[in-house]
Amino acid sequence: MADRDMESGKEKEYEYTGSASAPQYDYGEAEPITGSKWTHLKDSFKRNPNARMVTVAVDADGKPLPDQPPAEPALSMKLKDRHLQMIAIGGSIGTGLFVGSGAALEAGGPASLVIAYGLIGVMLFCTVQALGELAVAFPVAGSFAVYASRFLDPAWGFAMAWNYALSWLVALPLEIVAASITLSFWEGARGVNPAVWVTIFLIVIISINLFGVRGYGEAEFVFSIIKVTAVIGFIILGIIIDVGGVPGSSYMGAAFWYNPGAFHNGFKGLCSVFVTAAFSFAGTELVGLCAAETENPRKTLPTAVKQVFWRITLFYMVSLTIVGCLVPYDDPNLIGASSSDANASPFVIAVRNAGISVVPSIMNVVILIAVLSVGNSSIYGASRTIAALADQGQAPKILGYIDRSGRPLVAIIFSSAFGFIAYIVAAGDTVRGEAFTWMLAISGLAAIFNWASICLCHIRFRKAWKLQGHTLDELAFRSQATVWGSWAGFIFNILVLIAQFWTGMAPVGYAEMTAGERVQNFFEAYLAFPIVALFYIVFKIVYKTRFKRAHEIDVTSGKRELNLPELLAQERAEQAMWPKWKKFYKILC
């Protein structure tokens with residue numbers, strides 16, 4: 001990109017890079033694609049020489065220029081409003097809700113289930129609001145990982161990016177194996193080698209992502225509609241079952257809250273549910289990554305962010321309250337519930353216990369779709385994060401390859417390759433169980449670290465924004481939770497990390513465990529922490545980075561619009577013409 005000097009008539013070329021040590025690129029003109037459809041398809045895979053994932057203009061000494069040109073989008077901005085809305089929903093409705101909630105119910109009881117998911121939901125609302133403000137102001141690829149480098153410390157941004165990428169890389173084979181196991185619910189599929197299902201799922205998921213962000217958006221749109229319909233259907237059916245509306249059943253009410261009880265395993269049981277709840281909500285932050293590939297993030301992101309509260313309230317709080325009324329925490333089918341065992345889903349158990357034979361199969365289909373949705377998001381999340389790292393010089397340069405269709409092609413292929421680990425399913429239950437327990441441990445705390453980082457980034461951004469003479473009126477979207485909500489979210493994330501440490505060191509029933517089992521349990525619960533620490537410390541020592549001061553923070557580069565005040569004025573003039581009901585609705589949604 002060039003900045004034209006009006007006096008000399010010459011163009012001054014600026015290098016774009018994420019840091020002084022990032023690779024330098026040779027700009028050039030992309031050759032026009034002509035010819036047949038086959039030529040178009042073939043040429044779409046060629047590199048776009050003008051594409052940049054993370055763009056910061058620097059001078060000859062590698063220092064950011066005071067007046068940053070607007071970022072040149074690298075990715076294909078083909079996500080529409082409906083895609084973003086459904087991606088936000090799909091990111092928060094998955095195996096954590098449908099299956100993981102069973103383990104949470106068994107560990108803490110129905111009251112702990114509602115309390116923990118509710119508090120984590122409030123924390124996530126604050127976090128997503130903070131992310132929305134940052135993503136609308138700076139819709140850059142790599143999102144919160146790039147924000148951590150910009151507003152906190154490049155070393156911390158490096159650690160967060162690789163932590164997030166690794167969590168998605170290992171989630172892909174985990175979810176594919178979970179999908180193959182889910183099929184064992186039906187008798188006709190039990191005799192088939194699970195490697196066959198792994199192959200089918202891999203082909204489907206990789207193909208969707210190779211269609212680019214439009215393919216990913218359309219797939220998530222369909223997946224999310226199915227999941228939302230299923231949750232609403234379960235809520236209606238659950239209420240009917242609870243009040244005795246099913247033939248042969250009687251009124252249940254909240255009987256299971258009294259016998260066997262509302263809580264299980266006391267305060268430690270509640271802390272255990274916090275960790276499971278946090279895992280269940282992981283993926284909601286994908287709306288931040290999608291900002292760089294959205295047609296108009298200034299309009300679509302605020303709506304997606306504001307609706308998170310209602311999704312949490314409806315899909316989580318209401319459905320899990322009903323689950324707690326229909327399934328006792330001592331139900332034997334909940335024992336050993338895991339993300340790969342659909343039979344341990346409290347949603348399936350609730351319907352099965354009511355004597356309804358058809359619905360459990362339908363719920364298992366929904367769980368299967370949810371698993372595939374997470375696998376689909378795994379490639380998307382990992383590839384965009386890794387490509388942004390490559391563009392900042394923090395990963396091999398080839399991973400930053402962007403083709404003419406706006407796809408980070410090499411990063412997609414690299415991320416997809418991890419899915420082939422799923423073939424370990426053919427090695428038997430014992431080997432598969434050990435391998436995937438440790439892979440799950442790698443991704444266990446990734447969301448907590450990233451959410452805490454997002455809240456801290458927002459706090460630092462607000463301070464730098466004010467210190468450098470800007471006002472909140474210049475922001476296209478402001479967090480409804482304000483900066484105090486970010487403080488609350490940050491503190492609560494730290495408390496969840498402490499709770500995870502405690503339950504990892506001394507889990508429920510630890511007195512009956514051997515020393516070796518307790519050590520293994522701790523690392524299964526807390527393995528992500530030493531991984532993050534290793535990335536951070538090594539980068540810190542090698543590049544000698546330091547925590548950024550408020551006056552040093554770059555609050556200019558990465559903006560998509562050149563005349564934001566004028567655009568905002570136009571939007572506010574339109575909003576002034578809205579009827580009162582629409583103004584009220586837009587505040588909430």
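The values are calculated or read from the model by the stated rules, or taken from the named source; none is laboratory data. Just so we're clear, the structure is a prediction, and the values are computed from it rather than from any experiment. Cβ atoms come from the backbone with ideal geometry, glycine included; neighbour counts cover every protein chain shown. Surface accessibility is based on the protein's heavy atoms, side chains included, excluding ligands, DNA and RNA. Shrake-Rupley method; radii C 1.70, N 1.55, O 1.52, S 1.80 Å.
Let me make sure I get this right: for segment 337-469, a, b and c are the square roots of the gyration tensor eigenvalues over alpha carbons, sorted descending. Under 1.5 in a/c it's rounded, otherwise prolate if a/b > b/c, else oblate. Which is it? Intermediate results must be reported in sequence, preceding the final value.
Details: a/c = 2.31, a/b = 1.59, b/c = 1.45.
Prolate shape, in that a/c is at least 1.5 and a/b is the bigger ratio.
Using only alpha carbon pairs under 8 Å that are at least six residues apart, calculate the relative contact order of segment 75-558 and give it in whole percent.
Averaging sequence separation for qualifying contacts and normalising by length gives 34 percent for segment 75-558.
Convert each backbone phi in segment 528-536 into a coupling constant with the Karplus relation 6.51 cos²θ - 1.76 cosθ + 1.60 (shift: θ = phi - 60°), then list the ³J(HN,Hα) values in order as whole Hz, x for Gly and Pro.
Each residue of segment 528-536 in turn: 5, 5, x, 5, 4, 4, 5, 4, 5 Hz.
At 10 °C and 1.306 mPa s, grab the translational diffusion coefficient of segment 75-558 from Stokes-Einstein with a Kirkwood Rh over Cα pairs, rounded to a whole number in µm² per second.
D, rounded to a whole number, is 70 µm²/s.
With the other protein chains left in place, how much accessible area per residue, in square angstrom, belongs to segment 75-558 at a 1.4 angstrom probe?
So segment 75-558 comes to 36 Å² accessible per residue, rounded to a whole number.
Ordering V275, V496 from largest to smallest accessible area (1.4 angstrom probe), what's the sequence?
On the way: V275 30, V496 5 Å².
From most accessible down to least: V275, V496.
Size of the dipole of segment 75-558 about the Cα centre, Lys and Arg at +1 and Asp and Glu at -1 on the beta carbon, nothing else charged, in debye to 20?
Dipole size: approximately 1420 debye.
On the full set of protein chains, 1.4 Å probe, figure out the accessible area of E474 and give it in Å² to the nearest 10.
70 Å²
Provide the per-residue ³J(HN,Hα) series for segment 179-187, in order, calculated from phi with Karplus coefficients 6.51, -1.76, 1.60 and θ = phi - 60°, each as a whole number of Hz, with x at glycine and proline positions.
Karplus-based 3J(HN,Hα) across segment 179-187 equals 5, 5, 6, 4, 5, 5, 4, 9, 4 Hz.
With respect to the cross-link table entries K227/K580; K306/K540; K80/K227; K227/K463; K268/K466, which display a Cα-Cα separation exceeding 31 Å?
K227/K580; K306/K540; K227/K463; K268/K466
Once amide H atoms are placed 1.01 Å from N in the peptide plane, what residues at a sequence separation of 5 or more from D403, or on another chain, have their amide H within under 5 Å of its amide H?
Answer set, sorted by chain and number: N48, L409.
So, with a 1.4 angstrom probe, what is the percent of accessible area on segment 257-312 that is carbon and sulfur?
63 percent
Separation of segment 168-214 and segment 353-432 by C-alpha centroid, Å?
That distance is 9 Å.
Largest first, what is the accessible-area ranking of F501, F234 with a 1.4 Å probe?
Per-residue accessible area, sorted high to low, gives F501, F234.
Once you order the gyration tensor axes a ≥ b ≥ c over the Cα atoms, which shape class does segment 383-443 get: rounded for a/c under 1.5, otherwise prolate or oblate by comparing a/b with b/c?
Note, shape of segment 383-443 comes out prolate.
Considering only protein heavy atoms and a probe of 1.4 Å, how much of the accessible area of segment 318-420 is carbon and sulfur, as a whole percent?
66 percent
How much accessible surface does T229 have with a 1.4 Å probe, in Å² rounded to 10?
Only protein atoms counted, so the area is about 90 Å².
Provide the per-residue ³J(HN,Hα) series for segment 397-402, in order, calculated from phi with Karplus coefficients 6.51, -1.76, 1.60 and θ = phi - 60°, each as a whole number of Hz, with x at glycine and proline positions.
Listing the rounded values in order: 4, 4, 6, x, 5, 10 Hz.
Report the calculated FRET efficiency for V196 and I413 (r = Cβ-Cβ distance, R0 = 22 Å), to the nearest 0.05.
Calculated transfer efficiency: 0.45.
Ordering M577, M363 by how much accessible area each has at a 1.4 Å probe, largest first, what is the list?
Working: M577 155, M363 10 Å².
Putting M577, M363 in descending order of accessible area: M577, M363.
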